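Structure first, commentary second.
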Amino acid sequence: MTVYGIALIAVATMFGLGATAGKTFAGGPFDGTYVGRQTEVKNDNSGHCNIRNRTDAQVTVSNGVVTYMWETPFAATVNADGIFRADRAALSRHNALPQSMVGRIEGATMTVDIGNNNCMAHSTLTKR
């Protein structure tokens, strides 16, 4: 081993990096699967709101990113305080308004409001 290699190992060990080399780490504190109830809170009765009241809603958080299936996957980064928000353009001519997803994770509970002024749902979910 070269002097450079020995010096690199010494510095890595000094900073506690030697024991972590090659290991993977779990995601953030919010990572996991959340399940619970999704409830329709707004429906313009146009026939284009396909919100289902359901008790088996499922949302995942992986590497600090919430992914909620709402027509297509809707994703947002969770802040350190557990709050997340994402906005996106309309997906089709039937759903012409921009959509938003706003939520918060506190402990093992996630609350989410998702949709737009025509169609909206509220979910309360618990981490599995």
Options 121, 75; residue that is surrounded by 12 or more Cβ atoms within 10 Å (Cβ to Cβ) and either over 10 Å from the mean Cα position of the chain (by Cα) or closer than 11 Å to residue 30 by Cβ (or both): 121
Take residue 65 and decide whether it is without any contact (Cβ under 8 Å) to a residue 24 or more places away in the chain, buried (at least 17 other Cβ atoms within 10 Å of the Cβ) and of a type outside the set (Lys, Arg). yes
For residue 13, the lone unmet condition from (1) modelled with pLDDT of 80 or more; (2) of a type in the set (Ser, Thr, Tyr); (3) part of a helix (DSSP H, G or I) is (1)
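The values are calculated or read from the model by the stated rules, or taken from the named source; none is laboratory data. Everything quoted here is computed from the prediction, not taken from an experiment. So basically every Cβ, Gly included, is an ideal-geometry build from the backbone, and we count neighbours across all protein chains shown.
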